[in-house]
There are 2 protein chains.
Amino acid sequence: MTKNITIAHGNGGEENNELIKNIFYKHFENEILSKSEDAAIIHNGELAFTTDSFTVSPLFFPGGDIGKLAVCGTCNDLAMMGAKPKYLTCSVIIEEGFSSRELEKIVRSMKKELEINGAMVVSGDTKVVPKGSVDKLFINTTGIGEIEHKGISAHNLKEGMSILVSRDVGAHGATIFAAREGIELESSLETDCASLYPQVKALMDAGIDIIALRDATRGGVSAVLNEWAKASDVCIEIKEEKIPVQEQVKGICEMLGFEAVDLANEGTFVLAVSKGDEENALEVLHQTHETATIIGSVSDQHKGKVILNSSWGTKRFLDLPTGELLPRIC
Amino acid sequence: MTKNITIAHGNGGEENNELIKNIFYKHFENEILSKSEDAAIIHNGELAFTTDSFTVSPLFFPGGDIGKLAVCGTCNDLAMMGAKPKYLTCSVIIEEGFSSRELEKIVRSMKKELEINGAMVVSGDTKVVPKGSVDKLFINTTGIGEIEHKGISAHNLKEGMSILVSRDVGAHGATIFAAREGIELESSLETDCASLYPQVKALMDAGIDIIALRDATRGGVSAVLNEWAKASDVCIEIKEEKIPVQEQVKGICEMLGFEAVDLANEGTFVLAVSKGDEENALEVLHQTHETATIIGSVSDQHKGKVILNSSWGTKRFLDLPTGELLPRIC
């Protein structure tokens, strides 16, 4: 560990993992935590349990706000473990002087999103801190879900399996960057922020055997694929031209010098299924987003690694993102 | 609601209740949340679920630090519902540049306190925000406990029942104030911050029928007694001279113009039991703190009110604290 914590330690990529491993896992060590899934599985495998703090800036952005994000983020982590979001806690830290009207607007967004998930806030906490102690408002949501599809895990990928994304990638990261920098977009670009439980339920109802499932938040699709390749000790091969990216997102990536696969999403997931299930899964995903795509498959070429295959036949490793990505993206 | 949120809205007293009622309860409305207990009872009454964010300043203080506080605070809310703390999530928001060594020290304190509770952190989240977006470090802990003693509730107090405090009151509030203001105390005053599950277990093992139980955090003993009087529609009569307060705490109260019963505690609880259980309960509490005391009883004189009876025979209402108490006390 470096002497001081840097922005890179919160990037959802390599330095973030280092911080978690060297400080939190080291002292909190236990079997459940070390599985590193989106949510912990507890209470005899019946329940999923997950937490997220939201520090996004600005608080309101095209397609959403911190309230919608806070409910989606936590409910999605539950849905990604095959769990139905059920009970949430909501803890807010508010800077003195914050507008009551804006707070109510945020809470209303939360309520709307809770309804989509069929979940409720059952406990809360409110702290108000003096001006300058926090930038406007942070929210923590922690959730409990009831497991409906057991065995979803980053550790179960095997050769031949198919990898899909549920829609085009990078919209949240690009939207927040544009909103923060005051970039006027002619386009209608907005965050992908959305509750994913309905799509997961549709996959389950269609009888798809979900092997692995993860929403591509901080660190983007790159982080998910790298974590899966490592956890399952397999190679994931992606066809680069298959990765769906909106034109406006591509434009912002060029400005930033980032790749769309490294950008955060808040309503986009990566899915691993057996080859036999891939067409059915794609059909289900298309009901929500026509940009859903089969982007690659699992091989045994370079275990623990992700390979990007270009349409010109070249290959390169897609690594875990490093360095200072966008802070306060979620 | 006022147009903007003020420090008073986080005081654990009247304005805090107003904020919670007018914004959060209003939109999140449901039967579990509206019970306003220390923790929500979920999953067929098997589990307790509670959240707390910690913003205490300074991070390190006599007798504890933010890590100890974060584990005690959440585990205590579970213990106060007769639940054994079991699973915790830990979400930290760190200011860029924060010392890794201090972070590790905080995590070590958390670990030590988790062991006292027999609980573990099973899921976490780490955010790093740019300098100035947060003051050093905030922690959210959210916990699940397994209910061992059903039916503990603020709504069950009845005439004739006895009210006890588990030790002298106000130590946490006084300690933080002194540490923040750089007041040099000749004394050994330190926070009461401690895990309360062992004491609750001792009460249960002794066969005490716990009617109501609450740790006197923000808003102090005053807030607990007022909430109970209201929730159960009874009068709580307290003998003022029976309330145990350390001399140093009294001194700091005089400086601040506060009353010790309004100051925050982090390891002190108020207990309601039947008259027949009071001596046994006191005996159990004395095993941990010899300052534990029977401070009053439930009557029907002024329903919904708390009365302080002085040793000179005068009476006054003890109201819910209002105004700007100490911010960032927990």
Loop-located chymotrypsin sites (Phe, Trp or Tyr not before Pro) in the range B:252-330 whose Cβ has at most 10 other Cβ within 10 Å (DSSP): B:TRP312
Amide N of the range B:1-33 lying under 19 Å from the label point, which is placed 7 angstrom from the Cα of B:ARG180 along Cα→Cβ: B:5-17
Estimated Rh, chain A: Kirkwood, alpha-carbon pairs, angstrom: 20.1 Å
Sites A:THR314 and A:PHE60 - FRET efficiency at Förster radius 51 Å, r taken between beta-carbons, to 0.05: 0.75
Per residue Cα convex hull volume in Å³ - calculated over the range A:209-292: 109 Å³
Three-way shape call for the range A:1-124 based on the alpha-carbon gyration tensor, with the a/c threshold at 1.5: oblate
Within the range B:277-322, trypsin sites (Lys or Arg not before Pro) in DSSP loop having at most 13 other beta-carbon neighbours inside 10 Å: B:LYS303
Net +/- balance of residues flanking B:SER99 in space, Cβ distance below 15 Å, scoring K and R +1, D and E -1: 0
Per-residue average of Cβ from other chains inside 10 Å of B:131-141: 5
Around B:ALA48: net Lys/Arg minus Asp/Glu count, Cβ-Cβ under 11 Å: -3
Relative contact order (%) - criterion: Cα under 8 Å, at least six apart; region: the range A:135-288: 42 percent
Cut-off 11 Å between beta-carbons: net charge of the residues surrounding B:CYS253, Lys and Arg +1, Asp and Glu -1: -3
q = 0.08, 0.13, 0.16 Å⁻¹: log10 I(q)/I(0) that the Debye formula gives for the range A:162-317, counting C-alpha atoms only: -0.22, -0.58, -0.87
Normalised contact order of chain A, rounded percent, pairs of Cα under 8 Å and 6 or more residues apart: 24 percent
Above-threshold pairs, the threshold being 29 Å between Cα atoms, out of A:LYS158/B:LYS84; A:LYS35/B:LYS111; A:LYS84/B:LYS136; B:LYS35/B:LYS127; A:LYS136/B:LYS150; A:LYS127/B:LYS239: A:LYS158/B:LYS84; A:LYS84/B:LYS136; B:LYS35/B:LYS127; A:LYS136/B:LYS150; A:LYS127/B:LYS239
For the range A:309-324, 3J(HN,Hα) per residue [Karplus equation, 6.51 cos²θ - 1.76 cosθ + 1.60, θ = phi - 60°, Hz, x = Gly/Pro]: 9, 7, 6, 8, x, 7, 10, 8, 6, 9, 8, 4, x, 10, x, 7
With all protein chains modelled, accessible area of A:ILE116 [1.4 Å, Å²]: 90 Å²
Cα-based Rg / Dmax (Å) for the protein assembly as shown: 25.7, 94
C-alpha center-to-center spacing [the range A:2-28, the range B:243-286] in angstrom: 41 Å
Alpha-carbon spread of the range A:46-102, three principal axes, descending order, Å: 42, 24, 16
Between the range A:39-54 and the range A:91-158, the Cα center-to-center distance that results, in Å: 15 Å
Antiparallel %, DSSP beta bridges [both residues in the range A:162-317], to 5: 85 percent
GluC sites (Glu not before Pro) within the range A:1-88: DSSP coil, no more than 16 neighbouring Cβ in 10 Å: A:GLU29, A:GLU31, A:GLU46
FRET efficiency for A:HIS286 and A:ASN44, using Cβ-Cβ distance with R0 set to 45 Å, rounded to 0.05: 0.80
Equivalent ellipsoid dimensions for the range A:63-138 as semi-axes, Å, which come from the Cα gyration tensor, largest first: 25, 12, 11
Where labels lie 7 Å past Cα in the beta-carbon direction, separation of B:LYS158 and A:ILE32 in nm: 3.7 nm
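The values are calculated or read from the model by the stated rules, or taken from the named source; none is laboratory data. Note that the structure is a prediction, hence the values are computed from the model and not measured. Reconstructed Cβ throughout: ideal geometry from the backbone, glycine too, with neighbour counts over all protein chains shown. Quick note on the areas: whole protein, heavy atoms, side chains included, nothing else; ligands and nucleic acids left out. Shrake-Rupley method; radii C 1.70, N 1.55, O 1.52, S 1.80 Å.
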